[in-house]
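The values are calculated or read from the model by the stated rules, or taken from the named source; none is laboratory data. Keep in mind that this is a model prediction, so the values were computed, not measured. Quick reminder, even Gly has a Cβ in these numbers, built from the backbone with ideal geometry, and neighbours come from all protein chains shown.
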Amino acid sequence: MSEIQQSTSDSSSDSVQFALHKTVVMVGMMGAGKTAVGKVLAAKLGVPFIDSDHEIETAANMTVPEIFERDGEPFFRVKETQVISRLLDNSHGILSTGGGAFLSAENRQNISQRGVSVWLNADLSLLWHRVRYKDTRPLLRSADPKGRLTELYEARVPIYKLADLHVPSKPSYSIEEMAERVIAALLTRPDVLEKLDA
């Protein structure tokens, strides 16, 4: 099952029914496509899509940058862990997490016990291309945002490699293709995702 042919035309999952047995937690760097791919993935699997940052913002009635500015990153990380733990207890779906969430050993343990982690592995040049014009990333609000992104990337990749499944992201892949590739990876884990007979 490790060699899975993926084609968005011939083996598209749109007409296939699936049974999702665990929450799929999207992890990776800012700009990797966790939210965009996660939304398409959820639609293809017919399950809810949840964004942990959005849930934190709703609970706090503040944006993530505002929380960082007012309360600091350590406070945000505590709230993030609480929210992710709560969301893992809900019905199975696709959960997109912030770039720093998987760095927490407690989050990694919770995810591995109650869900499955999928690392969207995009290289540094692709990430920078996607985030360089956005000012919504509090960790990149520095005099040298590219240098800061590089530091974060180098520090975080060894931890992202601990994820249960790895799905490479390339500039040529559409969001649709990435969702199909995630499905193919998930199907290597029957405890997570199964195709249902027509």
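Numbers at a glance
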{"quantity": "Pick from region 118-142, criterion within 21 Å of V64 (Cβ to Cβ) and hydroxyl-bearing (S, T, Y), ranking: modelled with the lowest pLDDT", "calculated": "T136"}
{"quantity": "Residues of region 141-173 classified as in contact (Cβ under 8 Å) with a residue 12 or more places away in the chain and farther than 22 Å from F102 by Cα, total", "calculated": "1"}
{"quantity": "Filter result for S104 (at pLDDT 90 or above, of a type in the set (S, T, Y) and out of contact with any strand residue (DSSP E or B) (no Cβ under 6 Å at 6 or more places or on another chain))", "calculated": "yes"}
{"quantity": "Given (1) among the aliphatic types (A, V, I, L, M); (2) under 23 Å from Q109 (Cα atoms); (3) at pLDDT 95 or above, index of the condition L41 fails", "calculated": "(2)"}
{"quantity": "Considering residues of region 76-92 that are touching a helix residue (DSSP H, G or I) at 6+ places or on another chain (Cβ under 7 Å) and of a type outside the set (D, E) only, the residue farthest from K22 (Cα to Cα)", "calculated": "F76"}
{"quantity": "Test: residue in region 143-155 that is among the hydrophobic types (A, V, I, L, M, F, W, C) and at pLDDT 95 or above", "calculated": "no"}
